[in-house]
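Notes for the one structure printed next.
The values are calculated or read from the model by the stated rules, or taken from the named source; none is laboratory data. Only a predicted model underlies this, so the values are computations on that prediction, with no experimental measurement involved. Because the Cβ atoms are built from the backbone with ideal geometry, glycine has one as well, and the counts that use them run over all protein chains shown. For accessibility, only protein heavy atoms count, side chains too; no ligands or nucleic acids. Shrake-Rupley method; radii C 1.70, N 1.55, O 1.52, S 1.80 Å.
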Amino acid sequence: MRSVSVCSTIVVTGVLLLFNLSCKKNSAGPAQPDVFVAGSAVSRAVYWQNGKIHYLTDTTIGQWSYAGHIGFSGSDMYMAGTMATSPNFNMTAVYWKNGVMTRLPSTMQSQAGYILLSGNDVYVSGDVFSYDAEFGFAAYWKNGNVTVLSQDTSGAAGMFMNGSDLYIAGSERIKGVSYPTIWKNGIAMHLAHDTGGAAVSIAFSGTDMYVAGVLQINNRQTGVYWKNGTPTTLGPVISVNSLDVWNGDVYVSGWRYTDSIYNDGGVYWKNGSPMQLPNSTLVNAMCISGGNVYLAGDLEQKGGSSHAAYWKNGQPTDLNPDGHAYDIEVRP
């Protein structure tokens, strides 16, 4: 989420909104923004609003679910996610509007990772796959109607509506190699042709297109962001999950890798310079609001366990001892 509230996800990417904030002096001080975090707790889709948990699915035995991305249209809150039901645990892409769930139709199993609101239209990206398939196919739904983007092994992640053009970030495997891919109105464009990788998040600032993802460089997965197709490398990573552009600065979040530590913890980069997050096991999403950097992920605990959490400018807020945080959105 991705979004520019800027906020993004797995998945987390982004729509650029510029907020002009004004405040009046009063004895109560400035109003505090509302912080929304999407995720899961005890295998159920949830969201937290200012630290208070709200469950999106019931306690049906054998059911698990998660909320992976948040979007707003006016005062309406949308979340995209996935649920599985017993007895076969078939996976279904879903979204919630103000807590009411809609299952997204598909002749195959499906999962959803990103939601985008444009006018009266609801877009959800993800992938579809058969029960015994090792890989799936990139897809998106517009108002419940599914479009499969590729007949090759692929996946769809972040979305951005630039004017009337719909951009979707993802990957597409051609002759055994997965390439970072952007679909513009359903037409694939590969960001690299000589090495594998994936695109996960996309945003526009003016006429400039920014994309975050990974590339395989010297047999290592390397974080990268592209500006109008030109890459900037970020170093070895476990994953990259979101990109935001704020006042000309480019922010990317993910998990960093070093030679001595497999998972060096959550990190975000500002214009290519890493900002290590202390006491984190991973970061899944980022949101820039009012110049503040918000991150959602898992907070490392003593003994090796982790809790769902979010950070504001590096300061953590613990959300749940048995949960995971996948996206974050801040509303002024």
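Give the stretch 29-63 a look and list any residue that's open to solvent by less than 40 Å² (accessible area, probe 1.4 Å), modelled with pLDDT under 95 and of a type in the set (Val, Ile, Thr), or say none.
57
Every residue in the stretch 184-208 that is open to solvent by 30 Å² or more (accessible area, probe 1.4 Å), at pLDDT 95 or above and either more than 21 Å from residue 271 (Cα to Cα) or touching a strand residue (DSSP E or B) at 6+ places or on another chain (Cβ under 7 Å) (or both), please.
Correct list: 184, 185, 186, 187, 188, 189, 190, 191, 205, 208.
Regarding residue 268, is this residue open to solvent by less than 30 Å² (accessible area, probe 1.4 Å), over 17 Å from residue 180 (Cβ atoms), outside any loop (DSSP other than H, G, I, E, B) and aromatic (Phe, Trp, Tyr)?
So residue 268 does not fit the description; no.
For residue 208, state whether it is charged (D, E, K, R), within 25 Å of residue 124 (Cα to Cα) and within 19 Å of the chain's Cα centre (by Cα).
no
Out of the residues in the stretch 157-183 that are under 22 Å from residue 93 (Cβ atoms) and charged (D, E, K, R), which is surrounded by the most Cβ atoms within 10 Å (Cβ to Cβ)?
That would be 172.
For the condition within 21 Å of residue 178 (Cβ to Cβ), assigned to a strand (DSSP E or B) and out of contact with any Lys or Arg (no Cβ under 8 Å at 6 or more places or on another chain), what is the one hit in 283, 252, 237, 245?
None of the others qualify; the one that does is 252.
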